Structure formats: C-alpha cells, structure tokens
Amino acid sequence: NQALIRNLKAALGEDEEAFKLFRDQSARFRQGGVPAEEYCQSYFDHFQGNSQGGALLLELIRLLPNPEQKRELAIAAAKIGGSRLLVPATRGGEGARHGSS
C-alpha cells in the first residue's frame with residue numbers, strides 16, 4: 001500500500017492538498033457515502049492527463065477489501081474510464097497489450 005500511496009502522490013505532482021482531497025473522497029467511497037460512478041468520475045478529474053491514472057485506479061480496485069465495492073467500482077471504471085484504463089506500454093513492449101491474446 002505504501003508504494004501505491006507514493007505512486008498516487010507522484011501522479012498528483014506531489015501536491016499534498018490534491019492528495020488530501022483524493023484521500024478524503026476515497027474514504028467517503030469506502031464508507032458508502034459516495035456512489036462508485038461519482039467516485040470514479042472524481043478520480044479521473046483528479047488524475048486528468050496522467051498516463052498512470054488508469055493503472056493506479058486498477059490497483060486501487062484490486063486492493064479494495066469489500067467485494068461489492070470492488071465490483072461496483074470496476075464497472076464504473078470501465079464505463080467512465082474506457083481507454084484510460086489501459087496500462088501504458090513499457091520499453092519492453094509490455095503493458096497495453098497485457099492480458100490480451
């Protein structure tokens with residue numbers, strides 16, 4: 001989780017205020033105070049233009065302990081995020097093709 005937090009902060013340009021807003025919104029989502037689609041839209045607003053945003057959201061979904069929230073957020077991410085969920089290609093040619101045959 002610490003690596004994910006570091007990556008999220010880096011994706012936000014080390015902006016502590018932006019990270020705090022994101023963290024607070026995430027807490028509200030986990031507590032059931034924010035619907036998955038609203039949280040997902042907020043996420044993409046925060047990470048707009050960052051090539052790692054989609055990959056970080058997929059990692060957040062993977063780490064959610066609540067299976068129902070995980071499912072709801074995955075559906076919202078696919079609906080709202082679309083192609084932004086693709087993992088950027090790495091130097092070795094892996095990444096965006098990962099998982100496809």
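Consider segment 56-65. How many of its residues are open to solvent by less than 60 Å² (accessible area, probe 1.4 Å) and assigned to a loop (DSSP other than H, G, I, E, B)?
Counting residues in segment 56-65 that are open to solvent by less than 60 Å² (accessible area, probe 1.4 Å) and assigned to a loop (DSSP other than H, G, I, E, B) gives 1.
What tally of residues in segment 27-55 results from selecting those that are at pLDDT 90 or above and either assigned to a loop (DSSP other than H, G, I, E, B) or surrounded by 17 or more Cβ atoms within 10 Å (Cβ to Cβ) (or both)?
Here is the first cut: in segment 27-55, the ones at pLDDT 90 or above are 27-43.
Pick out the ones that are also either assigned to a loop (DSSP other than H, G, I, E, B) or surrounded by 17 or more Cβ atoms within 10 Å (Cβ to Cβ) (or both) and you get 29, 31-36, 39-40, 42-43.
Qualifying residue count for the region: 11.
Pairs only if they're at least six apart or on different chains, beta carbon under 8 angstrom, first in segment 53-73 and touching a residue at least 24 places away in the same chain (Cβ under 8 Å), second open to solvent by less than 20 Å² (accessible area, probe 1.4 Å) and among the β-branched types (Val, Ile, Thr); list them, first residue then second.
Filtered contacts from segment 53-73: LEU73/ILE61.
Among the residues of segment 1-26 satisfying the criterion of being in a helix (DSSP H, G or I) and charged (D, E, K, R), which is surrounded by the most Cβ atoms within 10 Å (Cβ to Cβ)?
My answer is LYS9.
Considering only segment 52-74, how many residues are under 17 Å from PHE22 (Cβ atoms) and of a type in the set (S, T, N, Q)? Write out each step before concluding.
Taking segment 52-74 first, the residues under 17 Å from PHE22 (Cβ atoms) are 52-61, 63-64, 69, 73.
Keeping just the survivors that are of a type in the set (S, T, N, Q) gives 52, 69.
The qualifying residues number 2.
The values are calculated or read from the model by the stated rules, or taken from the named source; none is laboratory data. Just so it is clear, the model here is predicted, and its values are computed rather than measured. All Cβ positions, glycine included, derive from the backbone under ideal geometry; neighbour counts span all protein chains shown. Surface areas here come from the heavy atoms of the whole protein model, side chains and all, with no ligands, DNA or RNA. Shrake-Rupley method; radii C 1.70, N 1.55, O 1.52, S 1.80 Å.
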